[in-house]
1. Of everything in region A:209-241, what is in a helix (DSSP H, G or I), farther than 17 Å from B:Glu9 by Cβ and out of contact with any Ser or Thr (no Cβ under 7 Å at 6 or more places or on another chain)? Give them in sequence order.
2. Look at region A:256-275 and say how many of its residues are crowded, with 18+ Cβ neighbours inside 10 Å, hydrophobic (A, V, I, L, M, F, W, C) and more than 8 Å from chain B (Cβ to nearest Cβ).
3. Which one is nearest to A:Gly112 (Cα to Cα) among residues in region A:66-94 that are buried (at least 16 other Cβ atoms within 10 Å of the Cβ) and of a type in the set (Val, Ile, Thr)?
4. Please work out if A:Asp253 is more than 9 Å from chain B (Cβ to nearest Cβ) and part of a helix (DSSP H, G or I).
5. Just to verify a result, which residue in region B:37-53, among those that are part of a loop (DSSP other than H, G, I, E, B) and among the polar types (S, T, N, Q), is farthest from the other protein chains (Cβ to nearest Cβ)?
6. Is it the case that region B:13-36 has a residue that's part of a loop (DSSP other than H, G, I, E, B), exposed (fewer than 14 other Cβ atoms within 10 Å of the Cβ) and either over 19 Å from the mean Cα position of the chain (by Cα) or touching a residue at least 60 places away in the same chain (Cβ under 8 Å) (or both)?
7. Give the residue that is nearest to B:Gln23 (Cα to Cα), with candidates limited to residues of region A:211-250 that are free of Cβ contacts under 8 Å to residues at least 60 places away in the same chain and more than 10 Å from chain B (Cβ to nearest Cβ).
Amino acid sequence: MSSSSKLAKTLARFQARIESGDFYEAHQTLRTIANRYVRSKSYNDAIDLISQGAEAFLKAKQGGSATDLIFYLLEVYDVAGVVVSEVAVARLVQLLASLDSDEPNIKDVATGMNNWSVKFGPYKYGDPYLHAVIGSKLAEGGHVYEAERYLVLGTHDSLDQYVALLWEWFLQSGDTKTVGEFFSRPIFNYLFIGNFQNAYGAKDKFLSKFIEYSRAECEKVIKNGFEMWYFKDYAELNFLQLLILTCQTQNADLFNNLKAHYAGSIDQYSGQLEFLGQEHFGIKIQKPVNFMQDIMSGLLGGK
Amino acid sequence: STRTMSSPEKEFITKFVALASVQASGVSADAKVPQQNVTNLGVALPPLRYRYDHRRAKKNATDS
């Protein structure tokens, strides 16, 4: 019997057990056969069997068994040295899409998938397409901080999802005055990684929602191709828009001037601004002076 | 509402934008570091003081 017909037979047997509600037996059988494939280094068969098995468990609403098989699939990816490819990612995306966003293991599943893409792909923080899907699923499940991390490094579509998430969160806060805290997040996150396109995109998308929703007093300022909204009562929003433009200039004097003008109302952003100062303007972070260390170093002939 | 406003902050913004926008050609507005070259994510942003209720979000999405 050929390998593919054996696999089809195993899957049919497995499917019958699932349909009769014999989940434990189905799970054990599938794992035993998959183990055999792994031991004989028939990795492709093992991958097909495990991923189709996981999918069947997801359809049967057996999240625990499904996530166990997803972790096993990732183990096989690792042992087999499966590199990041459209097919390998698509297989994981398909499973993620079917996974219930309230599944208790969802964060671990996301981490496991991303860790594989970090190890076997060209991106230090993982595959952008995988990030987009993970971010979306985690947001759906209410894991907002984790979702944010993934969406920032996602695809073009992730920007809309990130803004939608922040907007919903802002609405839930029930206080219009908190808008700066929400708006600051995509602006800083995108400036940190040098993504001006998305910083501007987030600015336009988020602020147009805010203007429509709040009817805040505002006025458009346009100069040399740069556009921003001046808000009479929201200095933080003004500052953050100017910050994007300033980072574009890479001019440290302008950066210091901007910070000086808004001093007092941007103290909460000191860490973020310190990082941007270093990254975009070459301003070195001042380390606190340790007098005792300096004296000892001087006595011992060090610097 | 949008209207013409004047305030010390508005004056600062007008002058600042005039100055900065002519220097902004160093990096274009649609520039982005390719993700393969991203090696630092910056500093972790502090958590917000507001809880996010994903069930409420789902309900709002369904209602709208």
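Readers should treat all values here as calculations from the given coordinates under stated rules, not as data from a laboratory. Remember, predicted model here, so these are calculated numbers, not experimental data. Cβ atoms come from the backbone with ideal geometry, glycine included; neighbour counts cover every protein chain shown.
1. Pass one, region A:209-241, residues in a helix (DSSP H, G or I): A:209-214, A:235-241.
When the remaining residues are screened for being farther than 17 Å from B:Glu9 by Cβ, the result is A:209-214.
Scanning region A:209-241 gives A:Lys209, A:Phe210, A:Ile211, A:Glu212, A:Tyr213.
2. 2
3. A:Ile70
4. Working: more than 9 Å from chain B (Cβ to nearest Cβ): yes; part of a helix (DSSP H, G or I): yes.
Yes: the conditions hold for A:Asp253.
5. First, pick out the residues of region B:37-53 that are part of a loop (DSSP other than H, G, I, E, B): B:38-53.
Then drop every residue that is not among the polar types (S, T, N, Q), which leaves B:39-40.
Working: B:Thr39: 6, B:Asn40: 7 Å.
Applying the filter and picking the extreme gives B:Asn40.
6. The answer is yes, given that some residue of region B:13-36 is part of a loop (DSSP other than H, G, I, E, B), exposed (fewer than 14 other Cβ atoms within 10 Å of the Cβ) and either over 19 Å from the mean Cα position of the chain (by Cα) or touching a residue at least 60 places away in the same chain (Cβ under 8 Å) (or both).
7. First, pick out the residues of region A:211-250 that are free of Cβ contacts under 8 Å to residues at least 60 places away in the same chain: A:211-239, A:241-250.
Checking the rest, the ones that are also more than 10 Å from chain B (Cβ to nearest Cβ) come to A:212-214, A:233-234, A:236-237, A:243.
Details: A:Glu212: 32, A:Tyr213: 34, A:Ser214: 33, A:Asp233: 28, A:Tyr234: 26, A:Glu236: 23, A:Leu237: 22, A:Leu243: 14 Å.
For region A:211-250, the residue satisfying everything is A:Leu243.
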